[in-house]
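Only one structure is covered here, and it is reproduced in the block below.
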Amino acid sequence: MKHINFADLRVFLAIADTGNLTRAAAQCCITPSAASVRLKHLEEEAGCDLVKRLPRGLALTSAGERLAAEARKVFQQITRMTDAMTAFRGDERLVVRLAANYNSAVAFLPDDLSGFLLQNPDIRIDQRLFTSRGVAEVIALGEADIGVTAFSDFHGGLAFHPYREDSLVLFAAASHPLAERGSCRFADALEEDFVALSNEASMQTFMLAKAVELGRPIVPKIRVPSIGIMARYVRARVGIGFATESTYETFFGGDATLGCIRLEDDWAKRTLRIVVPADESRLTGAAKKLLAHLRLAAKTPVERSLPGTLQSGS
């Protein structure tokens, strides 16, 4: 095996532990199809079958048993290596890898992180954007320390803490009848044309799926790369857009040419959560400080910053 992918090995060990592809995928915070692809890659690299498909799950072959044993040794050795290098990584241990979905990254984290960085001048943050599911996945795989996500499925390898409450909203030109009403049920807006984002924003995916559930799928009039461009088409009455309320207020709260339309549906409420490994002893001292700061900030009323750069949503 010349080209070992450690993410593939982690999925394989989850399969070995659970005997079930779906449960293993959930443990690694990926879809069953993605887990199946990772298993296939590993079998191709090994040059033999690693599991047997049974009526009620999966069982390891002899080769699979051997690989599982060796893989566990590898990860144990990596852990020992990491611990051994701790004393030599002083500066790196002051870098916190933060994964965030777009909603939290533009509406809440700038204020919370600014305060933290001013209080802790030696700590640096490497913040990256992912979809909500992607945030949970990189935390589960150890590729980030702390995440902020709207991911809501149970995951035994992760711990979640409350962060912020938000809502999904529509927005339209200020003179649009729905904007003048100020609120509506989502079903009442589905006769309208929509402007949508061109990326895989989890919020947008959720809204499009809701339209399908209601029997009236949305076929966007135009797809655009950012919420700022979306707003220009909305102002021109090409269609209406959707966003989280916090994102709308951050970017357009003082814009008299647009109107926010609050959704009356119960499902429009959106909860953001802080996510970390279930074993929080894996966090560095700097990461633990940031976690404590974010948990404290979650209890503090939000004060909006001035609008920032308008970028694409996730």
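The values are calculated or read from the model by the stated rules, or taken from the named source; none is laboratory data. Note that this is a predicted model, so its numbers are computed, not measured. No Cβ is skipped: glycine too gets one built from the backbone with ideal geometry, and neighbour counts run over all protein chains shown. To get the accessible areas, we keep the full protein, side chains included, count just its heavy atoms, and leave off ligands, DNA and RNA. Shrake-Rupley method; radii C 1.70, N 1.55, O 1.52, S 1.80 Å.
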Query raised in the report: If you put +1 on each Lys and Arg Cβ and -1 on each Asp and Glu Cβ, how big is the dipole of region 1-134 around its Cα centre, in Debye rounded to 20?
Result: 440 debye
Query raised in the report: Which Cα, out of M81, T271, G215, lies furthest along the positive dipole direction of the chain (beta carbon charges, K/R +1, D/E -1)?
Result: M81
Report summary line: Kirkwood Rh over alpha-carbon pairs of region 1-51 plugged into Stokes-Einstein at 20 °C, 1.002 mPa s gives a D in µm²/s of 202 µm²/s
Query - Residue order for M203, M81 - accessible surface, 1.4 angstrom probe, largest first - result: M81, M203
Report summary line: Among T131, T284, T149, the residue with the largest mean-square fluctuation in a Gaussian network model of the chain built from Cα contacts under 10 Å is T284
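Using Cα-Cα distances under 8 Å and only pairs 6 or more residues apart, what relative contact order does the chain have, in percent?
RCO, the chain: 22 percent.
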Requested in this report: Could you check which residue among S132, S114, S152 shows the biggest mean-square fluctuation in a GNM of the chain with a 10 Å Cα cutoff?
Outcome: S114
Query raised in the report: Percent of accessible area on the chain owned by carbon and sulfur, 1.4 Å probe?
Result: 52 percent
Query raised in the report: In whole Å, what is the distance between the alpha-carbon centres of region 1-47 and region 203-251?
Result: 36 Å
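Could you tell me whether region 12-124 comes out rounded, prolate or oblate from its Cα gyration tensor? Rule is a ≥ b ≥ c as square roots of the eigenvalues, rounded for a/c under 1.5, then prolate if a/b exceeds b/c, otherwise oblate.
Values: a/c = 3.89, a/b = 1.80, b/c = 2.16.
Oblate shape, in that a/c is at least 1.5 and b/c is the bigger or equal ratio.
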Report summary line: Of all DSSP beta bridges with both partners in the chain, the antiparallel percent, nearest 5, is 60 percent
Query raised in the report: In whole percent, what relative contact order does region 1-143 give with Cα contacts below 8 Å and a gap of six or more residues?
Result: 23 percent
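Where in the chain are the DSSP H helices whose C-alpha atoms run 24 Å or more along the long axis and whose mean Kyte hydropathy is at least 1.0?
Details: long enough: 62-85 (35 Å, -0.39).
Long hydrophobic helices here: none detected.
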Report summary line: Residue-normalised value, i.e. accessible area per residue, for the chain at 1.4 Å probe, in Å², stands at 51 Å²
Query raised in the report: Given +1 on the Cβ of Lys and Arg, -1 on the Cβ of Asp and Glu, and no further charges, what dipole in debye does the chain carry about its Cα centre, rounded to the nearest 20?
Result: 420 debye
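Per residue of the chain, what 222 nm ellipticity follows from adding -39500 (n - 2.57) for every DSSP H run with n ≥ 4, rounded to the nearest 500?
Numbers: 13 runs with 136 residues, N = 314.
After summing the helix terms and dividing by residue count, I get -13000 deg cm²/dmol.
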Query - Debye log10 I(q)/I(0) for region 67-215, one point scatterer per Cα, at q = 0.14 Å⁻¹ - result: -0.89
Query raised in the report: Within the chain, how many Lys pairs sit with Cα atoms under 19 Å apart, leaving out pairs fewer than 8 places apart on the same chain?
Result: 8
Query raised in the report: At each listed q (0.11, 0.12 Å⁻¹), what is the log10 of I(q)/I(0) that the Debye formula gives for the chain modelled as equal alpha-carbon point scatterers?
Result: -0.80, -0.91
Requested in this report: Go ahead and set up a Gaussian network model of the chain, Cα springs under 10 Å, then flag whichever of P162, P225, P55 fluctuates most.
Outcome: P55
Query raised in the report: Please state the relative contact order of region 114-257 as a whole percent: Cα pairs under 8 Å, 6+ residues apart?
Result: 26 percent
Query raised in the report: Just by accessible area at a 1.4 angstrom probe, what is the order of D49, D266, D255 from largest to smallest?
Result: D266, D49, D255
Report summary line: Counting only residues 5 or more apart in sequence or on a different chain, those whose built amide H sits under 5 Å from that of L258 are A174
